Amino acid sequence: MKAKTWMTTAIALVCMVCLNSCSYNKMVEKDEAVSTAWSNVETQYQRRADLIPNLVSTVKGYAAHESSTLEAVVEARSKATQITIDPAHLTPEKLAEYQQAQGAVTAALGKLLAVTENYPQLRANENFSELQAQLEGTENRITEARRRYNEAVQDYNVLIRSFPNNLFAGMFGFSKKEKFEAAAGTETAPKVEF
């Protein structure tokens with residue numbers, strides 16, 4: 001009878017180890033997906049940051065007396081590029097700080113583009129039009145990268161909070177990740193007039 005009990009215990013332990021191993025591997029896979037998605041978000045924000053100097057330079061040639069607007073864009077870009085976050089340490093506070101800095105860039109660019117409406121020659125400039133189109137495309141890429149990041153975070157969070165994975169997640173250091181949230185005031189579309 002002792003042999004049978006020992007065998008049953010051994011089989012139960014082997015099953016637990018296999019289940020634990022499969023759960024762990026899946027958690028690692030989903031954690032890596034979140035890290036990759038976050039890198040894609042940062043890549044798109046960096047693309048936008050790289051476009052800004054050329055855009056500012058082009059506008060400066062036509063609207064030199066709009067220096068405060070140009071300086072605001074450059075300053076917002078500088079602050080935003082100084083904030084980097086390791087996806088493994090993506091706390092709600094760090095994500096909010098990152099979002100705030102990127103939001104400041106978006107607001108400054110919005111003001112810059114609004115100012116350019118007063119300069120028909122600038123709007124007709126081919127270089128400016130190309131930069132504006134690239135910026136618009138980049139904003140769309142940022143939105144898509146953020147959506148994919150949120151999806152990866154959701155998949156990861158569901159996995160680590162589902163039974164029986166939740167029993168092992170904390171033991172292996174897997175904790176809930178934060179999503180991008182819409183900034184305050186974004187529920188209403190901005191009014192654009194030409």
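The values are calculated or read from the model by the stated rules, or taken from the named source; none is laboratory data. None of the values given here were measured: they were computed from a predicted structure. Glycine also receives a Cβ, built like all others from the backbone with ideal geometry; neighbour counts cover every protein chain displayed.
Scanning segment 81-91 for residues that are assigned to a loop (DSSP other than H, G, I, E, B), free of Cβ contacts under 8 Å to residues at least 40 places away in the same chain and not charged (D, E, K, R) yields one hit, 83.
Residue 164 meets all of the listed conditions (1) modelled with pLDDT under 85; (2) surrounded by 16 or more Cβ atoms within 10 Å (Cβ to Cβ); (3) more than 18 Å from residue 60 (Cβ to Cβ) but one, namely (2).
Screening residue 132 against (1) surrounded by fewer than 17 Cβ atoms within 10 Å (Cβ to Cβ); (2) within 27 Å of the chain's Cα centre (by Cα) leaves a single unmet condition, (1).
Residues checked against (1) polar (S, T, N, Q); (2) within 30 Å of residue 33 (Cα to Cα):
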{"residue": "89", "(1), (2)": "no, yes"}
{"residue": "106", "(1), (2)": "yes, yes"}
{"residue": "109", "(1), (2)": "no, no"}
{"residue": "121", "(1), (2)": "yes, no"}
{"residue": "152", "(1), (2)": "no, yes"}
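Candidates 104, 63: the one that is surrounded by 16 or more Cβ atoms within 10 Å (Cβ to Cβ) and modelled with pLDDT of 90 or more is 104.
Can you go through 78, 68, 23 and tell me which one is in a helix (DSSP H, G or I), of a type in the set (S, T, N, Q), modelled with pLDDT under 85 and surrounded by 12 or more Cβ atoms within 10 Å (Cβ to Cβ)? Reasoning before the result, please.
Details: 78 fails: modelled with pLDDT under 85; 68 fails: surrounded by 12 or more Cβ atoms within 10 Å (Cβ to Cβ).
None of the other options fit; the residue is 23.
Considering every residue within segment 120-127, establish whether at least one is modelled with pLDDT of 85 or more and either among the hydroxyl-bearing types (Ser, Thr, Tyr) or in contact with a Pro (Cβ under 6 Å, 6 or more places away or on another chain) (or both). No, segment 120-127 has no match at all. List every residue pair whose Cβ atoms sit under 7 Å apart, with the two residues 6 or more apart in sequence or on different chains, where the first one lies in segment 126-148 and is more than 15 Å from residue 50 (Cα to Cα) and the second, anywhere, is among the aromatic types (Phe, Trp, Tyr). Correct list of pairs: 146/180.
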